[in-house]
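**Student:** This structure is in structure tokens; I'll ask about it shortly.
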Amino acid sequence: MLTCRELAELVTDYLEGRLSLADRLRFQFHLGTCVNCRAYLKQMKGTVRALGALPEEALPAAVRDEMWSRFRSWKRGS
């Protein structure tokens, strides 16, 4: 069974349909047992819907690069 942290790490792949059948089933099983992860998935779907409507130019390159840098640093620290 997946932990909440593992589910959070897989949520993008899940939403994009990139999980294997086994991982998708583990993901869905966890959702069936965890109200907090169901809320997280709902929030992520809303974020994807909202951000999907923004033009790519809306984020200046310097800001995008800084965000990627911080995200990569955060991932290494976890």
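**Student:** What are the residue pairs meeting all of these: first residue in the stretch 19-39, first residue under 15 Å from Thr3 (Cβ atoms), second residue surrounded by 13 or more Cβ atoms within 10 Å (Cβ to Cβ) and of a type in the set (Gly, Ala, Ser), Cβ atoms under 9 Å, and 6 or more apart or on different chains?
**Tutor:** Pairs that qualify, where the first residue is under 15 Å from Thr3 (Cβ atoms) and the partner is surrounded by 13 or more Cβ atoms within 10 Å (Cβ to Cβ) and of a type in the set (Gly, Ala, Ser), are Cys37/Ala8.
Here is a yes/no grid of residues against (1) surrounded by 10 or more Cβ atoms within 10 Å (Cβ to Cβ); (2) of a type in the set (Gly, Ala, Ser); (3) under 17 Å from the mean Cα position of the chain (by Cα); (4) modelled with pLDDT under 90:
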residue: His30; (1), (2), (3), (4): yes, no, yes, no
residue: Val35; (1), (2), (3), (4): no, no, yes, no
residue: Leu41; (1), (2), (3), (4): yes, no, yes, no
residue: Lys45; (1), (2), (3), (4): yes, no, yes, no
residue: Ala53; (1), (2), (3), (4): no, yes, no, yes
residue: Leu59; (1), (2), (3), (4): yes, no, no, yes
residue: Val63; (1), (2), (3), (4): yes, no, no, yes
residue: Phe71; (1), (2), (3), (4): yes, no, yes, yes
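**Student:** Hey, can you tell me all the residues within the stretch 32-53 that are within 14 Å of Ala8 (Cα to Cα) and outside any helix (DSSP H, G or I)?
**Tutor:** Residue satisfying the conditions is Cys34 alone.
The values are calculated or read from the model by the stated rules, or taken from the named source; none is laboratory data. Keep in mind the model is a prediction, meaning the values are calculated, not measured. Quick reminder, even Gly has a Cβ in these numbers, built from the backbone with ideal geometry, and neighbours come from all protein chains shown.
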